[in-house]
Amino acid sequence: MPQRHSKNNNDLAYFTYEEKRKLGYGTQRERLGKDSIKPFDACCLCLKPLIDPLACPKGHTFCKECILECLLAQKKDIKRKLIAHESQKKQEKEEEEEKLMLQKSKDLDAFDQQNHGAVPQYLDRSGSQDKNGFHGANSVKTTSFEEEALRTMKAFWLPSATPEATVKVDAPSTDTICPEGQEKLKMKALFPISFTEEKADQKSKKSVEKSYMCPSCKSTLTNTMSLVAISTCGHVFCKKCSDKFLATDKVCLVCNKPCKERNLVPLEKGGTGFAAHDDHLEAKNFKHLGSGSGLGLVRPAPKA
């Protein structure tokens, strides 16, 4: 089968667009399928089926062990940053006090020179005193401020004396955040959820994994359905039953526990791979040609 000459013309002194594309140059796009998107009953951190599931007020689901480890790690990091910030403030305070003491000693030297006569009396190297008090170049006396500046002077040509820029540590936020939604999240705001598992006679013969159903309409829960959890008791229903029964009766259909409208938390949807259901189904990577090797670093492409 004949091939296009423009796509196989490789005797040029520069890379053509088709050659760069074959090398992986530019923005690489790939459509994500169902297997690349998290299902509704998977943890947002470990991406495995939920074990002792907990949900945040925004509807993101996590394994109990995963979310507790994440929040505890955030607290340790916040504590470490607070200690670094406090030590930096203490160091800045000490440096400010040292500057004040240095300025005070400089002012005292100037005051002492002014009160002991207009003509200062200096000693030469041999220890003898001149009548007029002047010895040419030897009559120059450095103040304590200048001596301190000479002692701490940085020499940029010496590696050991190269000046360093001080890295300032900003005051960290003391709030832990949700790893999925990036909003403030406290441990006490998490609530347990429970899915109603299908019985053996209701389960499909082909299905091997666990499957869940809505306890009201008995329909199998899938990634295409919108789910609602009750924060007071944790039972999960489909969106249709929630709007039809829970929003009007204000009571759970499983345990008869009263609930209010603010207790109905919509859970994060599972992925199906269809553009009508999911957003951001296109993964992008930007690759540019580097010097020497032919390929350079790979970094995520900027969002459009």
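The values are calculated or read from the model by the stated rules, or taken from the named source; none is laboratory data. Just so it is clear, the model here is predicted, and its values are computed rather than measured. With ideal geometry, Cβ positions are generated from the backbone for all residues, glycine too; neighbour counts draw on all protein chains shown. Keep in mind that these areas ignore ligands, DNA and RNA; they rest on the heavy atoms of the full protein, side chains included. Shrake-Rupley method; radii C 1.70, N 1.55, O 1.52, S 1.80 Å.
The residue pairs whose first member lies in segment 65-77 and is at pLDDT below 95, whose second member is in a helix (DSSP H, G or I) and open to solvent by less than 90 Å² (accessible area, probe 1.4 Å), and whose beta carbons are closer than 8 Å, counting only pairs six or more residues apart or on different chains, are L68/M187; L71/M187.
Which residue, of K250, K240, K257, is closer than 19 Å to T220 by Cβ and either open to solvent by 70 Å² or more (accessible area, probe 1.4 Å) or among the small types (G, A, S) (or both)?
K240 is the lone residue from the list that is closer than 19 Å to T220 by Cβ and either open to solvent by 70 Å² or more (accessible area, probe 1.4 Å) or among the small types (G, A, S) (or both).
Note on segment 37-52: residues that are in contact (Cβ under 8 Å) with a residue 60 or more places away in the chain and either among the basic types (K, R) or in contact with a Phe, Trp or Tyr (Cβ under 7 Å, 6 or more places away or on another chain) (or both) amount to 4.
Take P39 and decide whether it is under 30 Å from N263 (Cβ atoms) and at pLDDT 90 or above. Spelling it out, it is not the case that P39 is under 30 Å from N263 (Cβ atoms) and at pLDDT 90 or above.
Would you mind stating whether C259 is closer than 30 Å to G33 by Cβ and touching a helix residue (DSSP H, G or I) at 6+ places or on another chain (Cβ under 9 Å)? Considered against the rule, which asks whether it is closer than 30 Å to G33 by Cβ and touching a helix residue (DSSP H, G or I) at 6+ places or on another chain (Cβ under 9 Å), C259 comes out as no. Condition first: at pLDDT below 80, exposed (fewer than 11 other Cβ atoms within 10 Å of the Cβ) and at positive phi. Can you find one or more residues in segment 123-137 that meet it? Yes, segment 123-137 contains at least one residue that is at pLDDT below 80, exposed (fewer than 11 other Cβ atoms within 10 Å of the Cβ) and at positive phi.
Just need a number here: residues in segment 52-90 that are under 27 Å from V169 (Cβ atoms) and among the hydroxyl-bearing types (S, T, Y). Residues in segment 52-90 being under 27 Å from V169 (Cβ atoms) and among the hydroxyl-bearing types (S, T, Y): 1 in total. Looking at L45, L23, just one residue is farther than 17 Å from F195 by Cβ, in contact with a helix residue (DSSP H, G or I) (Cβ under 9 Å, 6 or more places away or on another chain) and open to solvent by 40 Å² or more (accessible area, probe 1.4 Å), and that residue is L45.
Kindly indicate whether A247 is part of a loop (DSSP other than H, G, I, E, B), on the phi < 0 side of the Ramachandran plot and either more than 29 Å from the chain's Cα centre (by Cα) or at pLDDT 90 or above (or both).
In short, no.
Of the numbered criteria (1) modelled with pLDDT of 70 or more; (2) open to solvent by less than 70 Å² (accessible area, probe 1.4 Å); (3) closer than 24 Å to T222 by Cβ, the one H280 fails is (2).
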